[in-house]
Amino acid sequence: MINSKKVKSFAKKCGADIVGIGSMDRFNGAPKEMDARYIFPDAKVIIGLGFRIPRGYLRGIEEGTHFFQYPAMGYAHINEIYAPGVIRELCCYLEDNGYEGAALRNTGGRGPVSDMTGAGPAEESPELGRKLTYFEPVEPGKPAADVQIHFRIAAYICGMGEIGWSKMFLTPEFGPRQRFAFVLTDAPLEADPVFEGKICDRCKACVSQCPGHAISDNKPVRVCVAGRELEWGKIDEWQCFFAYMGGIKEINPFLPRDAFKNIRDGEAYMRGEKNPSPEQVPELQKILRTYYPNACGYNNAMCGGRGCTRACMVHLEQQEKLSNKFETPFRKRRQWRLGM
């Protein structure tokens, strides 16, 4: 007879760094389009698997000399290769013990509701630069496919940590350095309690060091999950995406100073001072990919999480809040910035 301890041990043996288990009733209040119970109505628990992003994956961007490895290894390899293999093994293990496992791999939050932008069916998505496609429910009372859970809230439901002010999920092991995948199962496993600690101390280094100025300093977003109120800073989704893609000149050595010369207000966009209209987004994306093509199949990730990941990680390591410790600090030199 399997139990929570055996499941966690097996998942870690297969390659997960962190494993947590949450009860399905913790999805109460979630919108239909993000409620895992519509994916597997008979599921009793959701199993969360965390996969660390090795700190060295961020070294090249920190030094300003090697950029593609982070999106290739820190995003694509974990999301597309490593994590899917682990969740398959876990699903097979559950099946071998007489239970069903429904895999939820990281897809970048694409579904009827975008995890990145929050846009719903047929609403404008500033990141995509177009209307999201509307899919018809298969029968009354069901949400439209594909249901896409909110991974960070799901990780909280599994008791793996908390959502910080930057909206990044923080674990006591690695801070913001991990990706997640999940498995829904009808196995009668004992759920972990939700995380009761406090990792984020609201230092707001994420706010001050985000090159896109995408994280609000004083406008919170609040949601209720598992009977508890969660809070993070309001995110300007376009500015976040634009900095991530490398549109802010001071953090992108591949972007010519005149790259947006034919775009109205292009200089203001490069300085992070203004958002473009939805009609301009496709052309801006084309320009950014021209100067640094996404050879790894993922977006450029040119900012390398300068505020939400690296600044947060540096602070948490200085505060000795993380169990994954190193002999030397991550930040050894002054951060580089290009002149505008």
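The values are calculated or read from the model by the stated rules, or taken from the named source; none is laboratory data. Because the structure is a prediction, the values reported are computed rather than measured. Heads up, the Cβs are rebuilt from the backbone with ideal geometry, glycines too, and the neighbour counts pull from every protein chain shown.
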Given the conditions (1) at pLDDT 95 or above; (2) within 25 Å of residue 107 (Cβ to Cβ), every one holds for residue 190 apart from (2)
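Answer yes or no: is there a residue in the stretch 287-305 that is farther than 22 Å from residue 76 by Cβ and not acidic (Asp, Glu).
Let us first name the residues in the stretch 287-305 that are farther than 22 Å from residue 76 by Cβ, namely 287.
From the residues that got through so far, the ones that are not acidic (Asp, Glu) too are 287.
Yes, there is a match, as at least one residue in the stretch 287-305 is farther than 22 Å from residue 76 by Cβ and not acidic (Asp, Glu).
So that you can scan it fast, the table gives a plain yes or no per residue for (1) in contact with a helix residue (DSSP H, G or I) (Cβ under 8 Å, 6 or more places away or on another chain); (2) without any contact (Cβ under 8 Å) to a residue 24 or more places away in the chain; (3) under 20 Å from residue 249 (Cβ atoms); (4) buried (at least 19 other Cβ atoms within 10 Å of the Cβ):
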{"residue": "278", "(1), (2), (3), (4)": "no, no, no, no"}
{"residue": "283", "(1), (2), (3), (4)": "no, yes, yes, no"}
{"residue": "288", "(1), (2), (3), (4)": "yes, no, yes, yes"}
{"residue": "291", "(1), (2), (3), (4)": "no, no, yes, no"}
{"residue": "298", "(1), (2), (3), (4)": "yes, no, no, no"}
{"residue": "301", "(1), (2), (3), (4)": "yes, no, yes, yes"}
{"residue": "304", "(1), (2), (3), (4)": "yes, no, yes, yes"}
{"residue": "311", "(1), (2), (3), (4)": "yes, no, yes, yes"}
{"residue": "314", "(1), (2), (3), (4)": "yes, no, no, no"}
In the stretch 31-61, anything more than 18 Å from the chain's Cα centre (by Cα), assigned to a loop (DSSP other than H, G, I, E, B) and surrounded by fewer than 21 Cβ atoms within 10 Å (Cβ to Cβ) is listed as 31, 39, 40, 41, 42, 44
